[in-house]
Each structure stands twice: as C-alpha cells, then as structure tokens.
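Remarks on the structure that follows.
No value in this document is a laboratory result; all are computed from the given coordinates. As the structure is a prediction and not an experimental result, all values here were calculated from the model. Note that each Cβ is placed from the backbone with ideal geometry, even for glycine, and that neighbours are counted across all protein chains shown.
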Amino acid sequence: FSFFLRRDMKRLLKKMKQEWTGRNQTLQVIHEGADDMFLFGEMELLVHFACQMHRYYHSFTSGAVTFCAGISLYNFKESLAVNAQLAQNLMDQAKTLDGKDGVVLKDEGIRYKWEDLIRNVSYILHSI
C-alpha cells in the first residue's frame, strides 16, 4: 500500500484537482503513513476521491487486497486529533464488513461495499 500511496496518490490528487477546477472545494492530505492516510476536505469531494482511490487500488492489486475507509464529518468544536480518531473508528468499522472491502460514512449506521457506493454515489451524497 505504501508503494501505491507514493506512486499513484500524487497522480490521483492531481487528476481530482483538475476535474474539480472552478469549484470552491479543496482536498488536503494531512497524514500519509505506511498503510493509511488522513485527508481533509468537503464531503462530496472526499467521497468521490475515495471512490477513485478504490478504483486505482483495486486495479493496482488486481483485486487481491481489500481497501477500507472511514469518512466522517468534521466537528469544528473538537480538535483535529478527536476528528482523526472518529475517522479511524469508522475505518475500523469498515473492516468488519463482509470481505472487508467497504466504507463507513458519517457514522456507523451508513455502511457500503465499494461497488454499492460507486454505483449510487450521487444518491448517497444527497441523502447524508
């Protein structure tokens, strides 16, 4: 995963920035570790980016390795560390999905396998 992050992440971020040019949305990489990363940005952009990242990673691993994510809403009354922990907790919950290949959005009640999220992303974003 670390090779994927180093090699493909910059390419994917650049592609997303080009696709979202003109919109008042940004995506910041806060932390990038050996097998995890912490991003900050608008919910819509984060979800689209996560879907793209899953597609790239699935292609990179030929589907042999699962990809889990937790995407939370930032609570401005809490510290960055508290918000990061919430996202980590959501990602840990995503690892409990059958096959471990999924994402948990906003709170533990909104869980998706990647193919369901990707297929219904517009509807899902409007419902949260």
So how do 4-14, 110-120 stack up, highest first, on mean other-Cβ count within 10 Å? 110-120, 4-14
Under 8 Å for C-alpha pairs, at least 6 residues apart: give me the relative contact order for the chain, rounded to a whole percent. 17
Find how much the distance from Asn75 to Ser2 grows on full extension, using 0.36 nm per residue of separation minus their present alpha carbon separation; answer in nm with one decimal. 23.4 nm
What spacing in nm lies between the two simple spin-label points modelled at Gln88 and Glu44, each 7 Å away from Cα in the Cβ direction? 3.1
Which value in nm describes the separation of the simple spin-label points at Gln28 and Ser62, placed 7 Å from the Cα toward the beta carbon? 4.0
Magnitude of the charge dipole, the chain, Cβ model with Lys/Arg +1 and Asp/Glu -1, debye to 20: 500
Working out 0.36 nm times the residue gap between Lys95 and Lys113, then minus their Cα-Cα distance, what length gain in nm do you get to one decimal? 5.4 nm
